[in-house]
Amino acid sequence: MGKTNDISIGIIDDHPAAVFGLSAFFEAGRGLKVNWTVSEIANLDVKLEEKPVDVLIADFKIGESRILHWIPKESGPKVVIYSGFYLEENVRNAFGAGVMAWIRKSDPLADLERAVRNAAEGRKTIHATDEQFFKRDRFVDISDREREVLQHIYQGRSNEEIASLLKMQVTTVKTHVSHLFNKLDASSRNEAVHNAIARGLLSTPDSTPPSATS
């Protein structure tokens, strides 16, 4: 049995050998405990409702689906992708969606363990290979709440409307908006939305960024 302060882990991967290896590794007395494993995205919500976990280790591609099609709620687990499938665009989109780390299956398991521990503490882990394009693209890390505010800004809502919908003070919304402007190098709401879409931080029906001056 794990100690009460163990980091609880869920695993989703449709490769039995990978699941077996990860389960054995994390059960080796490291203060990390695998609570459950699943092989289909459709089973994730049920498992999480039955037994919540701190960190979800997920393959990027599960059958014909992608883990990014399932985005955890704000209160959900931190997600660490552990995959042999790699494209720069996918990694960028994953971090933009709130994933805490992308570890390759060819990397040492110690790297995955470090990413899991960081994720449990709310810290992202950037692979050395990915640092260059994050610097090149001026990667922006926004919080879950800032992402919610940004989505409402995209939908044209005022600070007062956002405050009502998110049940917070207008002054708090203004603080989030100010942080978003700083992080996105924006001086207006339209420019913030434009820059967020260009960096893959905002989900929209049309992936083409609107004019920043509109």
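The numbers here are math on the coordinates, done by the rules we state, and not lab data. None of the values given here were measured: they were computed from a predicted structure. Cβ sites come from the backbone with ideal geometry, for glycine too, and all protein chains shown count toward neighbours.
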Once F181 and R145 are pulled to full extension, the length gained, defined as 0.36 nm per residue separation minus their Cα-Cα distance, is 11.5 nm
Antiparallel bridges, percent of DSSP beta bridges restricted to segment 7-136 (to nearest 5)
10
Go through segment 49-64 residue by residue and turn each phi into a ³J(HN,Hα) via Karplus (6.51, -1.76, 1.60, θ = phi - 60°); whole Hz please, and just put x for glycine and proline.
6, 5, 8, x, 10, 6, 9, 10, 8, 10, 5, 6, 10, 10, x, 9
Relative contact order for segment 144-198 using alpha-carbon pairs under 8 Å, separation at least 6, rounded to a whole percent?
32
If R₀ is 22 angstrom, what is the calculated FRET efficiency for the pair E121 and F25, using the beta carbon separation as r and rounding to 0.05?
0.65
Given pairs K61/K105; K47/K124; K47/K78; K124/K183; K78/K174; K51/K124 and cut-off 19 Å on Cα-Cα distance, the over-length ones are K47/K124; K78/K174; K51/K124
Percentage of interatomic Cα-Cα distances in segment 1-108 larger than 21 Å:
31
